Amino acid sequence: MARQLYDYWFVQFDFPDENGRPYKSSGGEMVWNEKLKRGIPVGWKDGQLIDISSITMGQSPDGSSYNETGDGILFYQGSTDFGIRFPSVRQYTNSPTRFAKKGDILMSVRAPVGAVNIANNDCCIGRGLAALNSKIGSLTHLYFIIRDLKTAFDNKNAVGTTFGSITKDELYSLPVVIPSTNVIERFENMCSPVFERQMIIGKEIDDLISQREELLPLLMNGQVSVKQLNNHFVEWERLLSSAFSKMRCMKDEFIQRIVEEMDGFLCEEQMRQLRDTVLAALEGYSIERVLTDKEQRREDNEQLLNAFLSAKKVEGCSEKTLGYYRATLTKMLVGIEKCIPEISTNDVRQYLSDFKETRGSSKVTIDNIRRIFSSFFSWLEDEDYITKNPVRRIHRVRADSLVKEIISDESMEILRDSCTEMRDLAMIDLLASTGMRVGELVRMNIADIDFQERQCVVFGKGNKERTVYFNARTKIHLSNYIVSRKDNNPALFVSLSEPFNRLSISGVEKRLRFIGNQVNIARVHPHKFRRTLATTAIDRGMPIEQVQKLLGHVKIDTTLHYAMVGQNNVKNSHRKFIC
């Protein structure tokens, strides 16, 4: 891919112009350069290799060219040290003085001239090599320039008595085209990640191959057993497979990204050639995108969050509850921006404080969020993902104890009288007489109604089934509504117009709010009917245990929250029992 772009931009001069079109093919102005004996784009200039590259010529460590074993100095002598991917290492007794840095281009200057590779570590170089680094900010661009100057190098192969070579002055003075700065920067931004990733993966594979070569002789001389070696090979194969799997997983995404980036810069034929070249170059290889620290943290946190939600799903939590858990915990993880094991008590406290301050949330809402956090971190602690639950020292948020409103008998009759649709009247009566949840109401089907016994089956939280009861008035209004319907939908409550879909929770809430606003009764919502039933039942002497059963509560404490005993009953009881 990088090679193809280099040819388009710096040989054919079809780099993208200011309008994103191929420069030369779109009529970009070219000027004749006498030194280069060719036309070049306006703003470009001629120069020598030394103008665009810092060049270090190698030197033998002790003045001789033969190899010696010694003290382990990393040293590259010449093109014969070039491995399949990167230069291999030789050792020399004396310390040489010419160095190359990791990533420098290594070029052989003798026997033969022009072999090119890249240093995969800091090293010393012998007299058969030169190390080059770009002065204009693009090592990729320099690499392909050296490759393209191979013809000039070939002409020097006959120089010298024993080996063909090129002198320092000849290397420095090789003619080159110097592009404009903005074109170089764009080319480097697109191509340098490919080179960097290739070096990383190549180094990993070389290390694994080196381990294999070290282990085989040990097996041959009996220093290790077949079992021990097999264990090493299993791990070696796993790591090698992992390295190639990482490369494979990003191949398609990488090719698509390159094509999208170049769309508009190249003509249709050049785009086709680019795609074909990239596919051919990557045949047998794949590419992995290296995650940033932020992306890695997000991925690790997401894995733990998914594990927690899976556990809750097994415990029977509904999809709605799981969705609420996910949304709440995701917001917390995004807000705190830490790996889960690193989250502290102060982090959670600060998040809750900021959440309340910025959103104006009530104490009840903040405590609900705290309870979700507590459940999440307690599970992580139990499963040994973290050592300590950071929410343990964050106590329950004490909410204000307010007497919540109920619907008075007068308001209930006004709501009934204001209904213009039989469906709305049946819906209000069913909510008022059974105290069912709105979620239970919208899931009901006509078949769930037993008119003979004036009862119906509902499915509450956790998909728990229970029976609720309604009065005679509700029976009449429900019967009239069902008889009046002209659709075949099995749902008990449906929309008033085609296609007569099942009512949703928001649909019921919106309709009740509309009916209340029509008669100036504020805050009419489904849950208010449930609270009214519980309060009325307690006021009229129904045992709290039976109210709990009627409402479908697991804990009686929850029932007490719903049952707001009327103040008049308290006053009458005081006069009866105290006065």
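Taking all protein chains together and a 1.4 Å probe, the residues Ser506, Ser318 rank Ser506, Ser318 from largest to smallest accessible area. Of the residues Val364, Val348, ranked by 1.4 Å probe accessible area with the largest first, the sequence reads Val364, Val348. Starting from one equal scatterer on each C-alpha and no solvent at all, send me the Debye-based log10 I(q)/I(0) for the stretch 348-434 at q = 0.19, 0.21, 0.24 Å⁻¹, two decimals. With no solvent term, the Cα-only Debye profile gives -0.85, -0.95, -1.12. Residues whose amide H comes within less than 5 Å of that of Lys45, counting only those at least five positions distant or on another chain, are Ile178 (H built at 1.01 Å from N in the peptide plane).
Largest first, the extents of the alpha carbon coordinates of the stretch 475-563 on the three principal axes equal 43, 31, 23 Å. Over the stretch 385-492, the reciprocal of the mean inverse Cα-Cα separation, the Kirkwood hydrodynamic radius, stands at 16.7 Å. By the compact-protein rule of thumb, 2.2 N^0.38 Å, the alpha-carbon radius of gyration of the stretch 406-464 corresponds to a ratio of 1.23. Database remark: amide H of Gln59 closer than 5 angstrom to the amide H of Arg98, Ile125, Gly126, Arg127 (H placed geometrically; neighbours at sequence offset of 5 or more, or on other chains; Pro and chain starts carry no H). Counting only the Cα atoms, the stretch 429-501 fills a convex hull of 89 Å³ per residue. In this structure, Phe451 and Glu413 have a Cβ-Cβ separation that, at R0 = 22 Å, corresponds to a calculated FRET efficiency of about 0.40.
Close amide H partners of Glu405, meaning residues 5 or more places away or on another chain with modelled amide H under 5 Å apart, do not exist here. Sorting the Cα pairs of the stretch 489-534 by distance into bins of 5 Å, from 0 upward, gives 5, 20, 22, 21, 18, 10, 3, 0 percent per bin. Counting 0.36 nm for each residue step from Asp347 to Gln296 and taking away their Cα separation leaves a gain of 16.4 nm. Within the stretch 363-385, whose backbone N sits under 17 Å from a point 7 Å along Cα→Cβ of Lys331? Within reach of a label on Lys331, which here means backbone N under 17 Å from a point 7 Å along Cα→Cβ, the stretch 363-385 contributes 363-376.
The values are calculated or read from the model by the stated rules, or taken from the named source; none is laboratory data. All values derive from a computational prediction rather than experimental measurement. All Cβ positions, even for glycine, are placed from backbone atoms using ideal geometry, and neighbour counts span all protein chains on display. To get the accessible areas, we keep the full protein, side chains included, count just its heavy atoms, and leave off ligands, DNA and RNA. Shrake-Rupley method; radii C 1.70, N 1.55, O 1.52, S 1.80 Å.
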